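The values are calculated or read from the model by the stated rules, or taken from the named source; none is laboratory data. Values in this document were obtained by computation on a predicted structure and should not be read as measured data. Neighbour counts run over all protein chains shown; Cβ positions are idealised from the backbone, glycine included.
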Amino acid sequence: MTKCIPASQPASAEPPRRRGRPPQALGPDQRRRKLIEAAMRVIVRDGLAAASTRAVAAEAGMNQAMVHYSFPGKNALLGAVLDEIHTGIAEVLARSLDGAGSLSDGVARVAQAYWAYTVETPGLQRMQYELTLYALNTPGHADLARRQYQGYVAALGQAFEALPAAGACPDRHLLAGICVAAMDGLILQHLATGDRAAGEAQLRLLVHALQSQIGVSA
């Protein structure tokens, strides 16, 4: 038996359309930003090995083809992630040095601010070490590790350049390199042991030693 269709609703009637504006397509810059943020979330949560283009696309709510359209390869995506990390570090440095009256004061402020940032973002810190090891262990990717650490030193060296020093002082970029190397060890040790008190005690000793080298004892 054929089912009757009420006259008020013909068989060819279209389903009612949803009101409102249709979602706008993301522009290239917005799409890149969304993919970079998605990649960082995946790496922090699941590790670098899990950050396939498929996983990043799923995290961003996009088609996998959009990752390849936005970035020539995984190395390019990781390079963009690294640039985002450098930007975040530069912002931490700028805030910490606001109001610093001398290089000695700046060293102390940077050390304290970056240590606090480290304690608050353990996943982000682990991600940076994963990026380093990935770059060093993957043929053709050593430039990523080089860019990573050159970026750290450059950001800190530029921040130190604007601060006056009392007495003898090493080259600002040399000082920045020493600071990065020392903080790198403290951060890795903290991630491995979870001993925050020990890290803070070591940080105070480090700051005192650096201040002594630039002409002012803490």
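Considering only residues that are β-branched (Val, Ile, Thr) and either modelled with pLDDT of 95 or more or under 13 Å from residue 184 (Cβ atoms) (or both), which ones fall in segment 122-163? 132, 153, listed by residue number.
Can you spot a residue in segment 16-36 that is part of a helix (DSSP H, G or I), under 17 Å from residue 130 (Cβ atoms) and either hydrophobic (A, V, I, L, M, F, W, C) or at pLDDT 95 or above (or both)? Looking for residues that are part of a helix (DSSP H, G or I), under 17 Å from residue 130 (Cβ atoms) and either hydrophobic (A, V, I, L, M, F, W, C) or at pLDDT 95 or above (or both), one finds at least one in segment 16-36, hence yes. Which of the residues that make up segment 64-73 are without any contact (Cβ under 8 Å) to a residue 24 or more places away in the chain and assigned to a loop (DSSP other than H, G, I, E, B)? The answer is 72, 73.
Pairs meeting the criteria (first residue in segment 77-103 and in contact (Cβ under 8 Å) with a residue 60 or more places away in the chain, second residue not aliphatic (A, V, I, L, M) and not in a helix (DSSP H, G or I), beta carbons under 7 Å, at least 6 apart or on different chains) are 102/164; 103/164; 103/169.
Show me the helices (runs of 4 or more DSSP H) found entirely inside segment 74-187 where at least 3 residues are surrounded by fewer than 16 Cβ atoms within 10 Å (Cβ to Cβ) and under 13 Å from the mean Cα position of the chain (by Cα). Steps first, please.
On the way: elements: 74-97, 103-120, 122-137, 142-161.
Once the helices (runs of 4 or more DSSP H) in segment 74-187 are filtered for at least 3 residues that are surrounded by fewer than 16 Cβ atoms within 10 Å (Cβ to Cβ) and under 13 Å from the mean Cα position of the chain (by Cα), what remains is 74-97, 122-137.
For segment 185-214, give me each residue that is of a type in the set (A, V, I, L, M, F, W, C) and without any contact (Cβ under 8 Å) to a residue 40 or more places away in the chain. Give the steps one after another, and end with the answer.
Step one: list which residues in segment 185-214 are of a type in the set (A, V, I, L, M, F, W, C), which gives 186-188, 191-192, 197-198, 201, 203, 205-207, 209-210, 214.
Hits for segment 185-214 are 192, 197, 198, 201, 205, 209.
Annotation note: Cβ proximity below 8 Å between a residue of segment 48-62 that is in the same structural domain as residue 32 (by TED's automatic domain parsing) and a residue that is part of a loop (DSSP other than H, G, I, E, B) (sequence gap 6+ or interchain) occurs for 57/63.
Evaluate the following for residue 83: is it within 23 Å of residue 204 (Cα to Cα), assigned by TED's automatic domain parsing to the domain that holds residue 145 and among the charged types (D, E, K, R)?
On the way: within 23 Å of residue 204 (Cα to Cα): no; assigned by TED's automatic domain parsing to the domain that holds residue 145: yes; among the charged types (D, E, K, R): yes.
So residue 83 does not fit the description; no.
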